[in-house]
Every structure is written in structure tokens, then in C-alpha cells.
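Chemist: Handing you this structure, nothing more for now.
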Amino acid sequence: IIWFVWDAYRLLPSTAQKLPANLLWLGLIPCLGIIMTLLMAILVPIVFKEAFAVRGRTDVGDCGLVFGICWAAGIVGSFVPFIGFIFAIGSLVCMILFIVKMRQLKGIWQSMGPAPSAPTWG
């Protein structure tokens, strides 16, 4: 999961990233992984939306923010006794949709070509 999100997120310029791309790998650490997943599910779509807006693309929707929020809520809800399995199943579905959206965003970003550089004088 982390690799799919990291693979798309690392393509964005480092100035646009609110969280350095390599910090996503902290999600592999037990207990810290839950916090990193919550951050990843919410921050990555926001950064993608802002990066696309800078490049003039507003047709990408919410960049998977709804799927990310539902995924994060499902993770938290899965700790509820007796009904946690319902949240866990919903979280799994939203995680898969989130990964699919990240792959789509990666493809769109790569198809746009390199970002225009600032004009130079002289």
C-alpha cells in the first residue's frame, strides 16, 4: 500500500509536498503505521489537488480525498468491539479505491510532461 502511494507522491515537486515522500515509509513501523496511514490518506490527496491547481488542471476532482477519509475512518472504526469488522471491510474497499486513484493521478501527472520552469533573465 505504501509503495503505491509513495510511487505517485514522489513525482510531485518537493516544494509542493507537505510531508516528504520518504517519510511515508514510517508507516511500516507498528503503531506509528496507523498515524502515518491517517496522514497519508488525508495529506497526499490535498497535495495532489494543490499541485494540479498550480499546473492549471482543475478537472481531477478531489484527488481521492473522500476515499482517503473513508479509509482513515474505517481504520479507526475497526477498533470498535463487535461491529469493527464492518468498518474493517469498508476500510479495505476504500483503501483499494484510494490506491486505484493514486495510480490514475500518477498517470495524469506523468502525461502532463515536466513542470514549466521559472523564466531566467540573461
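The values are calculated or read from the model by the stated rules, or taken from the named source; none is laboratory data. Nothing here was measured: the structure is a model prediction, and the numbers come from that model. Heads up, the Cβs are rebuilt from the backbone with ideal geometry, glycines too, and the neighbour counts pull from every protein chain shown. SASA here: full protein model, heavy atoms, side chains in, ligands and nucleic acids out. Shrake-Rupley method; radii C 1.70, N 1.55, O 1.52, S 1.80 Å.
Chemist: What number, rounded to the nearest 500 deg cm²/dmol, is the helix-based mean residue ellipticity at 222 nm of the chain, given -39500 (n - 2.57) per DSSP H run of at least four residues and division by all its residues?
Modeler: The helix contribution divided over the chain gives -20000 deg cm²/dmol.
Chemist: While we're here: What spacing in nm lies between the two simple spin-label points modelled at Leu23 and Val93, each 7 Å away from Cα in the Cβ direction?
Modeler: Each label point lies 7 Å from its Cα, and together they span 3.3 nm.
Chemist: Measure off 7 Å from each Cα along the Cα-to-Cβ vector at Glu50 and Asp62, then give the distance between these two points in nanometres to one decimal.
Modeler: Here the answer is 1.9 nm between the modelled labels.
Chemist: Given the options Ile75, Cys63, Met36, identify the residue whose Cα lies farthest towards the positive end of the charge dipole of the chain (+1 on Cβ of Lys, Arg; -1 on Cβ of Asp, Glu).
Modeler: Cys63
Chemist: Averaged per residue, what accessible surface does the chain expose to a 1.4 Å probe, in Å²?
Modeler: Here the residues of the chain average 59 Å² of exposed surface.
Chemist: Quote to one decimal, in nm, the extra length available between Ser111 and Asp7 on full extension: 0.36 nm per residue of separation minus the C-alpha distance between them. Write out the running numbers ahead of the final one.
Modeler: Numbers: separation 104, 0.36 × 104 = 37.44 nm, distance 1.52 nm.
In short, 35.9 nm is gained.
Chemist: Then there is this: Taking the chain as a whole, which cysteines find no other cysteine Cβ under 4.7 angstrom from their Cβ?
Modeler: Unpaired cysteines in the chain: Cys31, Cys63.
Chemist: Quick one: Debye curve from the C-alpha atoms of the range 1-96, no solvent, what's log10 I(q)/I(0) at q = 0.11, 0.17, 0.19 Å⁻¹?
Modeler: The Debye formula, applied to the Cα set alone, gives -0.34, -0.75, -0.90.
Chemist: Out of the total accessible area of the chain (probe 1.4 Å, heavy atoms of protein only), what percent is carbon and sulfur? Spell out each step's value before the answer.
Modeler: Details: 5290 of 7170 Å².
Answer for the chain: carbon and sulfur cover 74 percent of the accessible area.
Chemist: Follow-up question, since we're still on this one. Can you pull the accessible area of Arg57 for me, 1.4 Å probe, Å² to the nearest 10?
Modeler: 70
Chemist: Local charge sum around Ala51 (other residues, Cβ-Cβ under 15 Å, Lys/Arg +1, Asp/Glu -1)?
Modeler: +4
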